[in-house]
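Worksheet: one structure, shown below.
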Amino acid sequence: QVQLVEPGGDLVQLGGLLRPSCAALRRIFSVYAMGWYRHAPGKQRESVATITPGRSTDFADSVKGRFTISRDNAKKMMYLQMNSLNPEVTAVYYCNKANVPNWDWGQGTQVTVSS
């Protein structure tokens, strides 16, 4: 069973930056495509970014050019570099497998951007 832990959220001002991380505990990590998801109030959870085992990446149109995703397979860690933040990205951010996120969800990390 995998446990996903996502520290690194915070309250930041417009234009700020954050770098949440994802730790995948007790599970083989390197062979899976991984993704960051977010759940904003009143909306469905959506995919934000994905990264393959070979480190090919893809992003939601709303964050292209502002977010980057990376992974460290040896440490079973994944990161989301969030730049030029605006209030529209306010949400709880989670990590899970990409495409079919069928691992147990972690508690997520709250990202709040104030204007």
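What number comes out for the charge environment of residue 29, summing +1 per Lys or Arg and -1 per Asp or Glu over other residues with Cβ under 15 Å away? Residues close to residue 29 contribute a combined charge of +4. Residue-normalised convex hull volume from the C-alpha trace of the range 47-95: 77 Å³ per residue.
The dipole here belongs to the chain: it is taken about the Cα centre, uses +1 on the Cβ of Lys and Arg and -1 on the Cβ of Asp and Glu, and is about 320 debye. The slack between residue 52 and residue 10, meaning 0.36 nm per residue of separation minus the straight C-alpha distance, is 12.5 nm. Using only the alpha carbons of the range 6-55, what is the convex hull's orientation-averaged projected area in square nanometres? Average of the hull's projected areas for the range 6-55 equals 4.8 nm². Using a cutoff of 8 angstrom between alpha carbon atoms and counting only pairs six or more residues apart, the relative contact order for the chain works out to 37 percent. Shown here are the Rg and Dmax of the Cα trace of the chain, at 13.1, 40 Å.
Only the coordinates and a few stated rules stand behind these numbers; no lab work does. Please read all numbers here as calculations on a predicted model, not as lab measurements. We place every Cβ from the backbone using ideal geometry, glycine too, and count neighbours over all the protein chains shown.
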